[in-house]
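**Student:** Got a structure for you, written out below as C-alpha cells; questions coming shortly.
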Amino acid sequence: MKVLVKQAQRGNADAFIRLIEENKQALQRVAYGFFQNEEDVADAIQDTILDAFEHIGDLKKADFFKTWLIRILINNCNQIFNHNRKNFYTDTIPEQEAPVENDSNLEFMELLQSLPPDSRLIFQLYYGEQFTTKEIGNILRMNESTVKSRLHRGKEQLRSQLQSV
C-alpha cells in the first residue's frame, strides 16, 4: 500500500483509485456506524474520496493512509450529521436498510446499533477495522484510556443484552 500512496501523491490517479478500492469496505462499515440510510453513507464516502484526492499530497507518512482516510470520513460524517440535525423535517421518509453481506454482518450491525453513539464508532474501528486503542484515540482525538473505558462499558452492555435473550 505504501508504494500506491507514494504513486498517488505524485499524481497517479490509477494508484489512488486502487487505494480507495482497497479501503472501500472499511469506509462503508465506518459510515454505517453513523448512518442507517444509504444516501448519507454515499454522501459521506463521496466527500471523503474527493477530499482525500485533493489533499493526498498533505499526507506526511504513507503508512498512515488508512488512518488518515478514516479521519477524513469521520469529519465528513460529523458534518453531514450536524447538517441533517439542523434540517430535520417532521415528514420523514422511511430509511433503507444497510446492505447485508451475510448473517454475521447483520448481527454485528444490529449489536452496534444497540450501543450508545459514542461507543458505536469505537467498536466499529476496533472490532470491524482492527485499529488499536491508541490509533482510535488518535483518529477520534481522545485519550486512549477513554477509548478503553468505552470499549469496556460497551462490552458489558452487550454482554447483559445477550444474556437476557
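**Student:** Within segment 125-143, which residues are over 20 Å from K24 (Cα atoms), open to solvent by 50 Å² or more (accessible area, probe 1.4 Å) and assigned to a helix (DSSP H, G or I)?
**Tutor:** Selection gives K134, N138.
**Student:** Follow-up. Enumerate the pairs (first residue in segment 147-165 and within 14 Å of S119 (Cα to Cα); second residue anywhere and among the aliphatic types (A, V, I, L, M) and modelled with pLDDT of 85 or more) with beta-carbon separation below 8 Å, excluding pairs fewer than 6 apart on the same chain, so at least 6 apart or on different chains.
**Tutor:** Every condition considered, the pairs that remain are V147/I122; V147/I136; V147/L140; R150/I122; L151/I122; G154/I122.
The values are calculated or read from the model by the stated rules, or taken from the named source; none is laboratory data. Keep in mind that what you see is a predicted model, and the values were worked out from it rather than measured. Cβ: placed from backbone, ideal geometry, glycine included. Neighbour counts: every protein chain shown. Side chains are part of the model used for accessible areas, which takes the heavy atoms of the whole protein and leaves out ligands, DNA and RNA. Shrake-Rupley method; radii C 1.70, N 1.55, O 1.52, S 1.80 Å.
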